[in-house]
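One structure is given below, encoded as structure tokens.
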Amino acid sequence: MKKRMKQCIACLLVLSLTAVALAGCSGNGGGKETQAPAETKGTEAVTGAANETADVEATPAGTEAGSEAAANGQEGQIVVTDHAGRQVTLPAEVNRVVVADIYPMASVITVYLGSAEKLVGIHPVCMSAAKSGLLGEIFPEILEADTSFMTGSDLNVEQLLNLDPDVVFCGAGNSELMSALENAGIPAVGVSPSKWEYDILETYDQWAALLGQMFPESDKSKEISAYSQEVYDMIQDRVKDIPEEDKKDILFLFQYDDQEIVTSGKSFFGQFWCEAVGGRNVAEVVEADNSNAIISMEQIYEWDPELIFVTNFTSVQPDDLYKNAIGGDDWSTVTAVKDKEVYKLPLGSYRSYTPSADTPVTLLWMARKVYPDLFSDIDMTQEVKDYYQELYGIQLTDEQVERMYNPSTEGSGNTNHI
């Protein structure tokens, strides 16, 4: 029996304290199981952490132990530095991986390693994306991963210990969750979606670099970064001469139902997407943080966006705007709707609004939608197939690429479960 399993008895002694701490964090004081939060607000689209802005400053217990392990060079161990600046000691060979509340990470790990065999546990939100997109089709073993250890933001430590993880990935700002894992003797590696100011290419590069520390035999972080930079530079070269007054006005519908409209203000991924393709985020004037960018139809009328991108964190499709099918909202006078310039974001390895393996090709796809004349020479189907084949050794069919860039309503999430 492995050493960590021998710790179970001691760990169970702290379960009561851990449960109280987590209940306080989730607002579920009675410990009642709840529906997964489904990434309903801002950073929660990427991680369940409520205090992500503190992720760089966190230095929980265990950092000194990690430094000592690095200094002593203990045989059979490695020390990695996570996005909270913590040094975490792990087995030299990491074979059992769990992804807690940093939802896209399950797909990133799978594509990076070319297999989901090491993933023994993933959050239910990760599983829903794997089933909805292409990930579960390309790597069916991910569908066997356990999801019982988390319900929403509530961690079941006993269930997690049963998975005997070598490492658990979690949001770098979720100090409550990391403390619970540390108390249970489980190595926790913090991953941040916001540390690089929502620069989605840099964020994905940094996630890949972190995996390179842990899986050096599979390290392809330099190749990933080089491809992303090549795509970005090519786009910048083509859009750099667009006069400010001619830049396209873009609106993101992050979430939308008959109750509220949530967009991307200046402090969220949508800002980077817009700027990177030479467009203008009409909602950049919204100073609210990423969890509070709620807008009204009156604001949309005033902004009158020329293009609208709808994420897969809502089940809404472009046709719903064309037909005014959501609540009593009338989109008929909005330029993007009149010109049929409403697009659903791709759903490939994960929901592409957030960092994922799809990030660089999503940027290229978006540039083609915003300025089709400038990118008319780009064959997206071939570009995506070549990208996945050359960087990840994954052979996609034309039909799979078609589904990636034309996700169905069934393949999208909604505000209740994503």
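The values are calculated or read from the model by the stated rules, or taken from the named source; none is laboratory data. Predicted model, so just to flag it, every value in this text is computed and none were measured. We place every Cβ from the backbone using ideal geometry, glycine too, and count neighbours over all the protein chains shown. The accessibility values were calculated without ligands, DNA or RNA, using every heavy atom of the protein model including side chains. Shrake-Rupley method; radii C 1.70, N 1.55, O 1.52, S 1.80 Å.
Compute, for segment 80-203, the length of the dipole vector about the Cα centre, with Cβ point charges of +1 (Lys, Arg) and -1 (Asp, Glu) only. Units Debye, rounded to 20.
I would put it at about 80 debye.
With a cut-off of at most 15 other beta carbons within 10 Å, and DSSP calling the residue loop, which trypsin sites (Lys or Arg not before Pro) in segment 271-368 qualify? Please list them.
The qualifying sites are Lys323, Lys340.
Quote the accessible area belonging to Tyr232 in square angstrom, nearest 10, computed with a 1.4 Å probe and with ligands, DNA and RNA left uncounted.
70 Å²
Going through the cross-link list Lys220/Lys385; Lys323/Lys344; Lys248/Lys340; Lys195/Lys240, which pairs have a Cα-Cα distance over 25 Å in this structure?
In this structure, Lys195/Lys240 exceed 25 Å between Cα atoms.
For the full complex of protein chains and a 1.4 angstrom probe, list Trp303, Trp365 by accessible area with the highest value first.
Trp303, Trp365
What do you get for GluC sites (Glu not before Pro) in segment 234-294 restricted to DSSP loop and a cutoff of at most 10 other Cβ within 10 Å of the site's Cβ?
Sites meeting the loop and neighbour criteria: Glu287.
May I ask you to list the chymotrypsin sites (Phe, Trp or Tyr not before Pro) in segment 313-355 that are in a DSSP loop and have at most 15 other Cβ atoms within 10 Å of their Cβ?
none
About its Cα centre, how strong a charge dipole does segment 181-283 have in debye, to the nearest 20, once Lys and Arg get +1 and Asp and Glu get -1 at the Cβ?
About 100 debye.
In debye, nearest 20: dipole of segment 328-369 around its Cα centre with unit charges on the Cβ of K, R (+) and D, E (-)?
180 debye
Return the ratio Rg/(2.2 N^0.38 Å) for segment 81-192, where Rg is computed over Cα atoms only.
0.98
With each pseudo-label sitting 7 Å past Cα toward Cβ, what's the Glu244-Ala92 distance in nm, one decimal?
5.8 nm
Out of all Cα-Cα pairs in segment 298-418, roughly what percent, to the nearest whole number, are more than 25 Å apart?
The calculated P(r) of segment 298-418 puts 29 percent of pairs beyond 25 Å.
³J(HN,Hα) across segment 226-235 via Karplus (A = 6.51, B = -1.76, C = 1.60, θ = phi - 60°), whole Hz, x for Gly/Pro?
5, 5, 4, 5, 4, 5, 4, 5, 5, 5
Evaluate the distance, in nm, between pseudo-label points positioned 7 Å from the Cα of Lys340 and of Gln395 along their respective Cα→Cβ axes.
3.6 nm
Excluding ligands, DNA and RNA, what is the solvent-accessible area per residue of segment 251-299 at a probe of 1.4 Å, expressed in Å²?
35 Å²
Over segment 305-418, with every protein chain in place, what whole percent of the accessible area is carbon and sulfur at 1.4 Å, could you tell me?
41 percent
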